[in-house]
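Read the structure below first, then the notes.
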Amino acid sequence: MENRTFWLGLMGGAVGGVLIVAAGYFLIKAYLPSREGDPLYRMKQSFLPSATMLWRAEVESQIFFLYHERKDAPALLTS
């Protein structure tokens with residue numbers, strides 16, 4: 001087999017594979033519900049901002065607690 005034939009076959013196979021994958025992606029996407037009509041997506045979008053605020057508040061409270069625990073801790077004994 002010639003070198004040119006190998007590369008043409010390889011590139012043709014790669015392009016054909018990309019076309020098949022893209023066609024499958026668009027076919028699957030066509031059958032999925034839109035984001036506005038998907039209740040799971042809407043729930044996730046409404047939950048993320050509140051969950052992020054709660055997580056940040058928890059982290060801040062942990063930092064505050066650890067700071068006060070360290071500040072009020074007795075001095076280390078050195079021997």
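Comparison of ALA57, ALA73, ALA51 shows that the only residue that is surrounded by 10 or more Cβ atoms within 10 Å (Cβ to Cβ) and at pLDDT below 75 is ALA51.
Of the numbered criteria (1) at pLDDT below 75; (2) polar (S, T, N, Q); (3) not in a helix (DSSP H, G or I), the one SER46 fails is (3). Pairs linking a residue in segment 25-38 that is on the phi < 0 side of the Ramachandran plot and charged (D, E, K, R) to a residue that is open to solvent by less than 90 Å² (accessible area, probe 1.4 Å) and assigned to a helix (DSSP H, G or I), with Cβ atoms under 6 Å and 6 or more positions apart or on different chains, are ARG35/TYR41. Within the option set THR78, THR5, being modelled with pLDDT under 85, of a type in the set (S, T, N, Q) and out of contact with any Ser or Thr (no Cβ under 8 Å at 6 or more places or on another chain) holds for one residue only, THR78.
The values are calculated or read from the model by the stated rules, or taken from the named source; none is laboratory data. These numbers come from a predicted model, not from an experiment. Every residue, glycine as well, gets a Cβ built from its backbone with ideal geometry; the counts of neighbours run over all protein chains shown. The area values use the complete protein model at the heavy-atom level, side chains included, leaving out ligands, DNA and RNA. Shrake-Rupley method; radii C 1.70, N 1.55, O 1.52, S 1.80 Å.
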